[in-house]
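Undergrad: A single structure is presented below for examination.
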Amino acid sequence: MAEIITMGELLVEIMRPSEDIPLYKSDYFRGPFPSGAPGIFISTAARLGHSTAIISGVGRDDFGENILQRLKLDGVDITRVLVSDKGNTGIAFVTYFANGERKYLFYMDNSPCIMAKAPENMTGFEDTKFMHVMGCSLMADINFAGEILKTVNMMRDNGVKISFDPNVRLEMLRDKSVLNMLQEVFNKSSILMPGVSELKMFTGEEDINAAIKKVFENPTLEILVLKNGSKGSEIYTRKGLEVSQPIYKVIQEDATGAGDSYDAAFICGIAEGKSLAESAKMGAAAGALNAAAFGPMEGKITQAAIKQMIENN
């Protein structure tokens with residue numbers, strides 16, 4: 001029985017070993033690393049001691065095995081991961097630049113990671129409290145986006161709270177009608193977890209205060225978690241700003257997945273009945289631990305490590 005679930009793409013990342021190496025240049029890569037924003041999220045939640053499950057798909061190939069072995073090791077329920085001969089596991093090639101920008105090349109067309117279907121009923125999800133959705137998952141494929149939306153509707157109808165990270169990947173946007181689905185998921189969300197640029201894009205408001213006010217026009221929304229990179233995060237409710245959480249400084253090896261780990265640890269805190277401030281500290285610690293290791297899931301994220309980082313700061 002999974003307390004926290006997600007649905008979205010699973011893929012491997014193949015990464016440039018250092019900054020400022022364009023993808024078009026012949027040079028070395030590192031990987032494959034198990035990845036996909038939903039995979040990073042659910043791996044983190046599992047490592048923090050929560051029962052978890054993911055609905056997704058991989059190819060019946062070595063890259064798929066790479067992902068499945070890692071999620072199983074972390075304690076994620078992978079029984080709803082489609083393993084198919086009809087396509088290869090998704091791949092993302094990624095490079096970082098010294099100015100903080102990054103560039104992806106995604107190879108996901110006809111991959112099983114976008115073939116998974118919505119569950120037919122709530123069997124196996126009776127104990128689910130949270131479903132987390134990533135905007136990039138909706139952008140991956142219009143039909144898959146529809147299946148995710150079906151799952152969101154079923155979960156919400158059964159009392160599950162929806163958390164939503166818009167996580168915009170313009171490289172993946174093939175069909176602009178997906179933008180309407182992003183709005184539909186937001187309308188059903190209790191927790192919204194965007195970056196500053198995503199919040200502005202999502203609301204159409206350039207002024208940050210106007211954007212914050214606008215999202216709370218959604219009657220379902222309870223918590224806004226606004227992530228702002230090196231400036232940390234701010235947690236808002238309908239009462240206004242509740243928490244300002246700075247980052248925990250580490251020697252950064254790779255920022256890939258830090259935001260996804262933040263999301264997971266914050267949701268875990270809420271699921272455990274912790275305060276917004278305590279949950280934000282958990283999120284910041286998980287994000288820092290993720291960034292301190294090379295590879296999207298490779299941070300040494302455990303309950304003990306989270307506790308130690310918070311106590312040391």
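The values are calculated or read from the model by the stated rules, or taken from the named source; none is laboratory data. These numbers were taken from a predicted model, which means no experiment stands behind them. Every residue, glycine among them, receives a Cβ derived from its backbone with ideal geometry; neighbour counts consider all protein chains shown. Calculation scope for accessible area: heavy atoms of the full protein, side chains included, ligands and nucleic acids excluded. Shrake-Rupley method; radii C 1.70, N 1.55, O 1.52, S 1.80 Å.
Undergrad: Name the residue, out of Asn228, Asn218, that is under 22 Å from Gly135 (Cβ atoms) and under 20 Å from the mean Cα position of the chain (by Cα).
TA: Numbers: Asn218 fails: under 20 Å from the mean Cα position of the chain (by Cα).
Only one candidate passes the filter, namely Asn228.
Undergrad: In region 69-76, is there at least one residue being buried (at least 21 other Cβ atoms within 10 Å of the Cβ), of a type outside the set (Ser, Thr, Tyr) and over 19 Å from the mean Cα position of the chain (by Cα)?
TA: No, that holds for no residue.
Undergrad: Quick one: what pairs do we get from region 85-107, first residue under 18 Å from Gly295 (Cα atoms) and modelled with pLDDT under 90, second polar (S, T, N, Q) and surrounded by 13 or more Cβ atoms within 10 Å (Cβ to Cβ), C-beta under 6 Å, 6+ apart or different chains?
TA: Here the result reads Lys103/Thr95, each pair linking region 85-107 to a residue that is polar (S, T, N, Q) and surrounded by 13 or more Cβ atoms within 10 Å (Cβ to Cβ).
Undergrad: Residues in region 19-35: is at least one of a type outside the set (A, V, I, L, M), under 15 Å from Thr79 (Cβ atoms), modelled with pLDDT of 95 or more and open to solvent by less than 10 Å² (accessible area, probe 1.4 Å)? Even if it seems obvious, please write down each step before you answer.
TA: The initial filter retains those residues of region 19-35 that are of a type outside the set (A, V, I, L, M), namely 19-20, 22, 24-35.
Narrowing further to those that are under 15 Å from Thr79 (Cβ atoms): none.
Within region 19-35 (the criterion being of a type outside the set (A, V, I, L, M), under 15 Å from Thr79 (Cβ atoms), modelled with pLDDT of 95 or more and open to solvent by less than 10 Å² (accessible area, probe 1.4 Å)), the answer is no, since none of the residues qualifies.
For every residue, the table says whether it meets (1) surrounded by 22 or more Cβ atoms within 10 Å (Cβ to Cβ); (2) closer than 24 Å to Ser230 by Cβ; (3) among the hydrophobic types (A, V, I, L, M, F, W, C).
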{"residue": "Val83", "(1), (2), (3)": "no, no, yes"}
{"residue": "Asp109", "(1), (2), (3)": "no, no, no"}
{"residue": "Met134", "(1), (2), (3)": "yes, yes, yes"}
{"residue": "Leu138", "(1), (2), (3)": "yes, no, yes"}
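Undergrad: Mind telling me which of the residues Lys103, Lys161 ends up being within 17 Å of the chain's Cα centre (by Cα), under 28 Å from Gly195 (Cα atoms) and open to solvent by 20 Å² or more (accessible area, probe 1.4 Å)? Reasoning before the result, please.
TA: Details: Lys103 fails: within 17 Å of the chain's Cα centre (by Cα).
Within the list Lys103, Lys161, the selection yields Lys161.
Undergrad: Counting just the residues of region 256-279 that are among the polar types (S, T, N, Q) and under 16 Å from Val243 (Cβ atoms), which one comes out most open to solvent (accessible area, probe 1.4 Å)? So that I can check it myself, show each step before the final result.
TA: Within region 256-279, the first condition is being among the polar types (S, T, N, Q), and the residues that meet it are 256, 261, 275, 279.
Filter again for under 16 Å from Val243 (Cβ atoms), leaving 275, 279.
On the way: Ser275: 53, Ser279: 0 Å².
That would be Ser275.
Undergrad: For the subset of region 248-276 comprising residues that are in contact (Cβ under 8 Å) with a residue 40 or more places away in the chain and out of contact with any helix residue (DSSP H, G or I) (no Cβ under 6 Å at 6 or more places or on another chain), which member is nearest to Ala45 (Cα to Cα)?
TA: For region 248-276, the residue satisfying everything is Ile267.
Undergrad: In region 26-34, is there at least one residue being under 19 Å from the mean Cα position of the chain (by Cα) and of a type in the set (Phe, Trp, Tyr)?
TA: Yes, region 26-34 has at least one match.
Undergrad: Still on this model: Of the numbered conditions (1) modelled with pLDDT under 90; (2) over 21 Å from Ile78 (Cα atoms), Asp157 fails exactly one; give the number of that condition.
TA: Single failed check for Asp157: (1).
Undergrad: For region 284-313, what are the residues that are among the acidic types (Asp, Glu) and open to solvent by 60 Å² or more (accessible area, probe 1.4 Å)?
TA: In the first step, residues of region 284-313 are kept if they are among the acidic types (Asp, Glu); the result is 298, 311.
Matches in region 284-313: Glu311 only.
Undergrad: Could you list all residues from region 28-62 that are of a type in the set (Val, Ile, Thr) and free of Cβ contacts under 8 Å to residues at least 60 places away in the same chain?
TA: Filtering region 28-62 down to residues of a type in the set (Val, Ile, Thr) leaves 40, 42, 44, 52, 54-55, 58.
Matches in region 28-62: Thr52, Ile54, Val58.
Undergrad: Next question, about the same structure. Looking at Gly57 and the list (1) over 18 Å from the mean Cα position of the chain (by Cα); (2) under 16 Å from Ser137 (Cβ atoms), which single condition is not satisfied?
TA: (1)
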